[in-house]
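Colleague: Before I ask anything, here is the structure I am working with.
The values are calculated or read from the model by the stated rules, or taken from the named source; none is laboratory data. What you are looking at is a predicted structure, and each value in this text was computed from that prediction instead of being measured. Positions of Cβ are backbone-derived with ideal geometry, glycine not excepted, and every protein chain shown enters the neighbour counts. Accessible surface is based on the protein model in full, side chains and every heavy atom, while ligands, DNA and RNA are left aside. Shrake-Rupley method; radii C 1.70, N 1.55, O 1.52, S 1.80 Å.
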Amino acid sequence: MSSQRRQAILSQILPSALQLPFVYRVLEDSLIEDLDITQDKANLDADLTLFDVTSLATLPEDLNLSARIFAKEVGVIAGLPLAEAVFKLAHESLDFEALLPDGTAVQVGDELARIAGPGRALLIAERPALNFLGRVSGVASLTKHFVDQVAGTRAKIL
């Protein structure tokens, strides 16, 4: 996928505040850190599934998979657009459906998203997407905790 195509996809998914070159680089880097891509990311224009030796060795090329993401803890979900962006960067034909908006309070077991498409691409994107969701949701949950702690006071959490 070309750099222009990747930027077009990200501009459709990410909120405007995240449409920044360094955010794009972080998303790309998260995808390729476990792949067998060398040089200066020149291979990003190629099909990333060609560089995941584990998937190449274990999954048929034409295998489609589906996945669901569930909350593991009580908290506030955040980062779903980042997760979607990672999946779409891995392969633009992956379908990502967020079931809740960012900022929603969740309970253990709540279903957050569904993903379907080429199996190799899904496996490439799964770990970095979950890492973003876990980190950003952790920050959102902790922030909500602090906001709740100062409720009824004049203090503001910024």
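Colleague: Could you check the spin-label model distance between PHE22 and ASN64? Points 7 Å from the Cα along Cα→Cβ, value in nm.
Modeller: Distance between the two pseudo-spin positions: 4.0 nm.
Colleague: For the range 84-123, rounded, prolate or oblate, judged on the Cα gyration tensor with a ≥ b ≥ c (square roots of eigenvalues), a/c < 1.5 rounded, else prolate if a/b > b/c?
Modeller: prolate
Colleague: Which order do GLU61, GLU33 take when ranked by solvent-accessible area (1.4 Å probe, heavy atoms of all protein chains), largest first?
Modeller: Largest accessible area first, the list is GLU61, GLU33.
Colleague: Further question: So for the pair ALA98, GLN4, with labels modelled 7 Å out along Cα→Cβ, what separation do we get in nm?
Modeller: So the label points at ALA98 and GLN4 sit 2.8 nm apart.
Colleague: Just how many pairs of Lys in the chain have C-alpha atoms closer than 28 Å, counting pairs that are eight or more places apart or on different chains?
Modeller: 4
Colleague: What is the diffusion coefficient of the chain in µm²/s, taking the Kirkwood radius over Cα pairs and the Stokes-Einstein relation at 37 °C with a viscosity of 0.692 mPa s?
Modeller: Numbers: Rh = 16.7 Å.
The Stokes-Einstein estimate is 196 µm²/s.
Colleague: How much solvent-accessible surface does LEU14 expose, in Å² to the nearest 10, with a 1.4 Å probe and all protein chains in place?
Modeller: Accessible area of LEU14: about 10 Å².
Colleague: Further question: Using the Cα centre as the reference, give the magnitude of the dipole from point charges on the C-beta atoms of the chain (Lys, Arg: +1; Asp, Glu: -1; all else neutral), rounded to the nearest 20 debye. Before the final figure, lay out each step's value.
Modeller: Numbers: 14 positive and 21 negative charges, 154 e Å.
The dipole magnitude comes to about 740 debye.
Colleague: Any idea of the accessible area per residue across the chain, 1.4 Å probe, to the nearest Å²?
Modeller: For the chain, the per-residue accessible area is 59 Å².
Colleague: A follow-up question, please. Over the range 1-136, with every protein chain in place, what whole percent of the accessible area is carbon and sulfur at 1.4 Å, could you tell me?
Modeller: Roughly 51 percent, rounded to a whole number.
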